[in-house]
1. Mind checking the full-extension length gain between Glu227 and Ala201? Use 0.36 nm per residue of separation minus the Cα-Cα distance, one decimal, nm.
2. Quick one: check the C-alpha center-to-center distance for the stretch 203-239 versus the stretch 45-119, whole angstrom.
3. Find me the longest stretch of the chain that has none of the exposed chymotrypsin sites (Phe, Trp or Tyr not before Pro), where exposed means in a DSSP loop (not H, G, I, E or B) with at most 15 other Cβ atoms within 10 Å.
4. Sequence-distant or interchain residues sharing an amide H contact under 5 Å with Arg128, placed H: which?
5. For the chain, list the DSSP H helices whose alpha carbon atoms reach 15 Å or more along the long axis and whose average Kyte-Doolittle value is 0.5 or above?
6. What would the Debye equation give as log₁₀ I(q)/I(0) for the chain at q = 0.16 Å⁻¹, counting only Cα atoms as equal point scatterers?
7. Straight distance only, please: which lysines reach the Cα of Lys57 with their own Cα at less than 26 Å, same-chain residues fewer than 8 apart left out?
8. Tell me which trypsin sites (Lys or Arg not before Pro) from the stretch 114-219 have a DSSP coil assignment and no more than 16 other beta carbons within 10 Å of their own.
Amino acid sequence: MARQKIVAGNWKMNKNMEEGLSLASEVIHMAVDELPSSQGVSLVLNPPFLHLSAVRKLIPAGKGIYLGAQNCHHKPSGAFTGEVSAEMLKSLPVDFTIIGHSERREYFGETNALVAEKLNLLLEKGIRPIFCCGEALPIREADTHLAYVAQQSTESLFHLTAEQLKQVVIAYEPIWAIGTGKTATSAQAQEMHAHLRAHLAGKYGVEVASEISILYGGSCNPANAQELFACADVDGGLIGGASLKSRDFIEIAKSFPNK
């Protein structure tokens, strides 16, 4: 079975309500006009929490466009001022939620165990997690990046059943390439994606691992997307800065080869 091709736009903490609705509307109209269903590309819009309900109303059914959140809390409910639960996200509903993003890990101290708690809640509510993993520059330079990312996935994913794992999308983030203008070469991206898939296969078998979509999440843009998406184990992108420009985002989505 062919893996799902996904381009997810992570808007991060950008765009006020008017700007966000304008961006979402532009992306949706371009996608409907320019992305044929035969191409099989799924788009996921991940705006800030404030925008979710309004963007939900703009997304047409059956067009391969989905709504995603950027995070959720690791507890079902409670006295956690300012936080958003998986149950709240389900009530919109959202289709996907990003967890374990490198910025959450770095700025908010999120651990692999905590990310696993979030993942469990999302799966319980029928929301597909986009699980982020990746290494900082010192880890890459020490040549321990393969083992480091494998450990992240082991500690956050390996408690799942095979059927649960099939609902998870993985996003590999070379942290040294996020917001720096640097990009992992296609060979570096393919090496890590293949390593992740092999690591999953060691636990769940080749058949299950071959069904998991693994996205590249490091400064992907219209100029490099085609080369990255041509890699055998790269199934799309988790797009940051380029997702804030509707034309760039759609051009990235149009970059998949027939493979």
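Just so it is clear, none of the values below were taken in a lab; they were calculated from the coordinates. Here the structure is a predicted model, which means the values were calculated and not measured. Positions of Cβ are backbone-derived with ideal geometry, glycine not excepted, and every protein chain shown enters the neighbour counts.
1. Computed gain between Glu227 and Ala201 is 6.8 nm.
2. Here the answer is 21 Å between Cα centres.
3. Numbers: sites that count: Phe80, Phe158.
The segment 159-259 is the longest one with no such site.
4. HN-HN under 5 Å from Arg128: Phe96, Thr97.
5. On the way: long enough: 17-34 (25 Å, 0.29); 112-124 (18 Å, 0.68); 145-157 (18 Å, -0.15); 186-204 (26 Å, -0.66).
Span-like helices here: 112-124.
6. So the normalised log intensities work out to -1.24.
7. Lys5, Lys12, Lys15, Lys90, Lys118, Lys125, Lys245, Lys254
8. Details: sites: Lys118, Lys125, Arg140, Lys166, Lys182, Arg197, Lys203; in loops: Lys125, Lys166, Lys182.
Those satisfying the criteria are Lys166, Lys182.
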